[in-house]
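Beneath this line is the structure, given in structure tokens, with notes to follow.
The values are calculated or read from the model by the stated rules, or taken from the named source; none is laboratory data. Remember, it's a predicted structure, so these values are computed and weren't measured experimentally. Don't worry about glycine lacking a Cβ; one is built from the backbone with ideal geometry, like all the others, and counts go over all protein chains shown. Note: areas computed on protein heavy atoms with side chains; ligands, DNA, RNA excluded. Shrake-Rupley method; radii C 1.70, N 1.55, O 1.52, S 1.80 Å.
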Amino acid sequence: MTPRTLTACGLLTALALPALTGSASAADRRITEEYTLSPGQDVRFDFPVGDLRFAGTDGDRVEVEIDIRCKTTSSRCLDSMEEIELVARESERRLTLEVDRHPKWLWDSLELEGVVRLPARRALTVDMGVGQLEIDDVAADLTVDMDVGEVWIKMPAESVRAVHLDVGVGDAEAEFPDSWVEGRRSLLVGAEVTWDDGPGAARVDVDLGVGDVKARFD
């Protein structure tokens, strides 16, 4: 993940997150999977806690890499690391990927970092608990539902029709080719950005409980 400068709220958020960088791993494991989307399928990704990045690509494949790290050599952490799995479910309209069997009580010693490459023009839904989320160069409908963390989005402006960013406690901002929009304050703690003047077809909808959202459309 590219380092970012956090706002005051972002700093508060970071204190609630696992330390995702700068610590040596006592043990690690990597999960790699690849899927081919059928015509008309979109993608949903459920991720519990950690660092997660999506990158839009050409083609019809979804490629997933998840690094799992134990910062200690405790048997509890090592055993839990081996139990984590990536579960895939498919329907005619959707590929759903879920990181399962992650023990919440090990948030301070078990780290997850994921990279997902997916077709840029397939709709994406992300359901995430706590962490840092980065989405680059997708060009279709984007929906993010996240509890606590930081969200950064970069999309081509010509692909976007409407944007709605909603943060319960924290900040939201969006940058467009000819304007910059800071979130309208709500009860002095939250922020909301609403924009519906784009030339494209994609809709961006982010719902974040606590943290910061920054979106750039260029």
* To do: State whether one or more residues within segment 105-115 are assigned to a strand (DSSP E or B) and in contact with a helix residue (DSSP H, G or I) (Cβ under 8 Å, 6 or more places away or on another chain).
  => yes
* To do: Inspect segment 169-189 for any residue being among the aromatic types (Phe, Trp, Tyr) and open to solvent by 50 Å² or more (accessible area, probe 1.4 Å) and give the result as yes or no.
  => yes
* Structure fact -> Flagged in segment 66-119 as polar (S, T, N, Q), open to solvent by 50 Å² or more (accessible area, probe 1.4 Å) and either within 25 Å of residue 138 (Cα to Cα) or under 19 Å from the mean Cα position of the chain (by Cα) (or both), in numbering order, are 91
* Structure fact -> Among strands (runs of 3 or more DSSP E) entirely within segment 131-218, at least 2 residues that are more than 14 Å from the chain's Cα centre (by Cα) and over 29 Å from residue 59 (Cα atoms) occur in 160-176, 179-182, 184-186, 190-195
* Give segment 124-140 a look and list any residue that's surrounded by fewer than 18 Cβ atoms within 10 Å (Cβ to Cβ) and farther than 27 Å from residue 71 by Cα, or say none. => 125, 136, 137
